[in-house]
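The values are calculated or read from the model by the stated rules, or taken from the named source; none is laboratory data. The structure presented is a predicted model; accordingly, all values stated were derived computationally and were not measured. So basically every Cβ, Gly included, is an ideal-geometry build from the backbone, and we count neighbours across all protein chains shown. Side chains are part of the model used for accessible areas, which takes the heavy atoms of the whole protein and leaves out ligands, DNA and RNA. Shrake-Rupley method; radii C 1.70, N 1.55, O 1.52, S 1.80 Å.
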Amino acid sequence: MHIPDGFLATPVWATLDVTAAPVVGYLARRAQRGLEQSKVPLLGVMGAFVFAAQMINFPVGMGTSGHLVGAALLAYTLGPAAAGVVLTAILAVQALVFQDGGILALGANVINMAIVGMLAGYLPYSLWGAGRWRRQAIFLGGFLSLLTSAVLALSELLLSGVAMPAAVLRISLGLFVISAVLEGAITLAIIQALASINPDFLRQPRSDGARTLGWIGVAAIFLAVAGVAIASAYPDGIQKLADATGISSQAKTLLRTPLADYQLGTMHSVWVRKAGAGLAGLSLIYGALLLGGKLLARKRGA
Amino acid sequence: MHHVVLDRWSRGGSALHRRDARAKTIAVLVFLIALGTAQRAFLPLSLFYLGILAAAILAAGLPIVAALKRAAVVLPFTAVFAAISLAAGEPMRAAALVGKSYLSALAVLVLVSTTPLPELLGGLERMGVPRYLLMVAQFLYRYLFVISEEAQHMRAALQAKSGTLKRTLWDRAKFGAAGRALGVLFARSYAHAEGIHQAMLARGFQGHFLTLSGRAFGRADAFFVAAALVIVVGARAAVEAWI
């Protein structure tokens, strides 16, 4: 699900852009360090592969079919840092050339799919990919990568005040789960084929330490998903809970602020200041990132 | 393939085509921010902005109907949410969603159809986007067509071998066949990448692409950015002051 421009409230897309930029910079640096020079064309061609893979349909039955999304598959074959770079490049090309996903919303899409979704997909593989539960881990990775991205996108839209009744929310969550199962199955089918062609295509999962961290990650993802599911099923329940614990007032202002932005009809020149402040903020952030990058590069060069 | 159209459009010679990629990128970002943060008097403003973009398309000598149609690819996604907003009793929000997403897509379309992609990515590099990421994007775009064509061949072969879809609930054999086809496509792409790298080394690749255009950010580009800023922000201020 690629969010186009015009859907996210300004604080939401601006925050996510500012968050995504340094993370992508870090991933690019890491991928560059971890791979030899010959891997640059490889990453590009693998991005083209993910694009092209969407032409091969996987029959699901009843005359319908699905296709690969690919975040988990890339993480298993190229490693998480390179996969993040490839996925970011895919999203950028989709936004620019195919008008699929927005430019201001690119940070949101990158966070949802190329970073968090990809990491969620890599997690089970890095934990159990070597052992007895390898197949299950591969399936779970595909499943989690898609579900996490979709749920993140949904929650960003909700936070931006895009109206979604509980019924619609439930239906879309159901659809997400179905496509996530499909992504898991497709990922598993391709990985098995790859392993039979040449096992070296797959990165060996780390079997050392960091298990606790992995478990925490998995638990966090499940909590997030369950939280959204419960919230959509029982909106009143959340409200009551919030009233009871006294966080209601804060939560309300937090939830309503982006929404209220749309309805400020009476303020005439406020937006000039706001837009000015926004532009100034963006250029400040841009300057800071540029400076930081330059300094880092110089330090490395020295 | 339809995106070849974009390559042809972007190689025009109009004044808009000749502007530096950075100037056009900044102008489009200003446009997207001004549009994205607009709240009041959205209808007249969107009409005005549509006029600006249409004027830019005409000035660039692009086919206007085809361009307007191409930008409409965002509408199916938007329509779902617009319908939900309408059902929730928020017609203005529905209109804003449709208007903003369509105009944003159209603005980006004007940018990429007046700037060849290598030049656009080169401009982004000079604006501080990591070069490694842009090189991956560059390779991705270059080999998109090659790999897509192979995928099309494989799809044809797959259909020829296994016939049409059976209407069963879950056909394990066919699912596996599609998986193996993609496994083979992956392996072929991998082999392609190695060949590409060796060919590049043979031609003396130094680690970054050289572009032939050699354009610099000139006075005309500065004027273009200033004019875009005044028109886009001025239009919004004027519309919101009057209405």
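Working only within the stretch A:155-170, note down all residues that are within 11 Å of another protein chain (Cβ to nearest Cβ) and in a helix (DSSP H, G or I). Listed by number, the residues that qualify are A:Leu157, A:Ala167, A:Val168, A:Leu169. Within the stretch B:1-37, being over 20 Å from the mean Cα position of the chain (by Cα) and either β-branched (Val, Ile, Thr) or facing chain A (nearest Cβ under 8 Å) (or both) holds for one residue alone: B:Thr37.
Does B:Pro44 satisfy the criteria of being in contact with a Phe, Trp or Tyr (Cβ under 9 Å, 6 or more places away or on another chain), more than 11 Å from chain A (Cβ to nearest Cβ) and more than 22 Å from B:Val4 (Cα to Cα)? In short, yes. Looking at A:Val18, A:Val24, just one residue is in contact with a Ser or Thr (Cβ under 6 Å, 6 or more places away or on another chain) and open to solvent by 10 Å² or more (accessible area, probe 1.4 Å), and that residue is A:Val24. Taken together, the criteria exclude B:Leu103 from residues that are without any contact (Cβ under 8 Å) to a residue 40 or more places away in the chain, surrounded by 16 or more Cβ atoms within 10 Å (Cβ to Cβ), under 30 Å from B:Arg219 (Cβ atoms) and out of contact with any strand residue (DSSP E or B) (no Cβ under 8 Å at 6 or more places or on another chain).
Within the stretch A:102-140, which residues are under 24 Å from B:Arg70 (Cβ atoms), open to solvent by 10 Å² or more (accessible area, probe 1.4 Å) and part of a loop (DSSP other than H, G, I, E, B)? Once the filter is applied, which keeps residues that are under 24 Å from B:Arg70 (Cβ atoms), open to solvent by 10 Å² or more (accessible area, probe 1.4 Å) and part of a loop (DSSP other than H, G, I, E, B), the stretch A:102-140 yields A:Ile103, A:Leu104. Against the criterion of being under 19 Å from B:Ala105 (Cβ atoms), modelled with pLDDT under 85 and open to solvent by less than 20 Å² (accessible area, probe 1.4 Å), B:Leu35 does not qualify. Which residues, taken from the stretch B:64-95, are charged (D, E, K, R) and at the interface with chain A (Cβ under 8 Å from one of its Cβ atoms)? Selection gives B:Arg70, B:Glu90, B:Arg93. A:Val116 fulfils the conditions (1) in contact with a helix residue (DSSP H, G or I) (Cβ under 8 Å, 6 or more places away or on another chain); (2) without any contact (Cβ under 8 Å) to a residue 12 or more places away in the chain except for a single criterion, (2). Scanning the stretch A:88-106 for residues that are touching a residue at least 40 places away in the same chain (Cβ under 8 Å) and either under 12 Å from A:Leu152 (Cβ atoms) or among the hydrophobic types (A, V, I, L, M, F, W, C) (or both) returns A:Ala89, A:Ile90, A:Leu91, A:Val93, A:Ala95, A:Ile103, A:Leu104, A:Ala105, A:Leu106.
The lone criterion from (1) assigned to a helix (DSSP H, G or I); (2) more than 8 Å from every other protein chain (Cβ to nearest Cβ); (3) at pLDDT 90 or above left unmet by B:Thr115 is number (1).
With the condition kept exactly as written, say whether any residue in the stretch A:49-66 is in contact with a strand residue (DSSP E or B) (Cβ under 7 Å, 6 or more places away or on another chain), touching a residue at least 60 places away in the same chain (Cβ under 8 Å), more than 9 Å from chain B (Cβ to nearest Cβ) and not polar (S, T, N, Q). Checked the stretch A:49-66: at least one residue is in contact with a strand residue (DSSP E or B) (Cβ under 7 Å, 6 or more places away or on another chain), touching a residue at least 60 places away in the same chain (Cβ under 8 Å), more than 9 Å from chain B (Cβ to nearest Cβ) and not polar (S, T, N, Q).
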